[in-house]
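The values are calculated or read from the model by the stated rules, or taken from the named source; none is laboratory data. In this text the structure is predicted, and so the values were computed from the model without any measurement. Heads up, the Cβs are rebuilt from the backbone with ideal geometry, glycines too, and the neighbour counts pull from every protein chain shown. Remember, those area values only see protein heavy atoms, side chains included, never the ligands or the DNA or RNA. Shrake-Rupley method; radii C 1.70, N 1.55, O 1.52, S 1.80 Å.
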Amino acid sequence: MTQEDIIRMAREAGMGYVEHIGEEYMQQIKRFAALVAAAEREACAKVCDRYVDSSSDHEAGTAMNLQDAIRARGQA
C-alpha cells in the first residue's frame with residue numbers, strides 16, 4: 001500500500017487534510033494501516049482453515065495454498 005493509497009483512504013474516512021500533517025503522524029497512520037491490513041489477511045487465511053480441516057485432500061491442499069498466498073502478501 002502506497003502513501004497515496006493511505007492518504008486517499010484517510011480522506012474517504014473523513015480525516016480531511018492528511019496530506020498536510022506532520023511526518024510523525026503520517027508514520028502512525030501508516031503503521032495503523034499496516035496493522036489493519038495484516039488483521040484482514042489473517043482473517044481471510046483463517047476462513048481457509050475450515051476447508052483444510054473438513055474437506056477432501058484436493059480441497060484441503062487448495063485451501064493450504066490459498067492460506068500461504070494470503071499470508072505471503074504481508075511479507076512483500
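Look at the stretch 35-46: where a residue is under 12 Å from residue 67 (Cβ atoms) and a partner is open to solvent by 60 Å² or more (accessible area, probe 1.4 Å), sitting 6+ places away or on another chain with Cβ atoms under 7 Å, you get 41/71; 41/73; 45/71. The set of residues from the stretch 31-65 being closer than 21 Å to residue 1 by Cβ and in contact with a helix residue (DSSP H, G or I) (Cβ under 6 Å, 6 or more places away or on another chain) comprises 33, 41, 44, 45.
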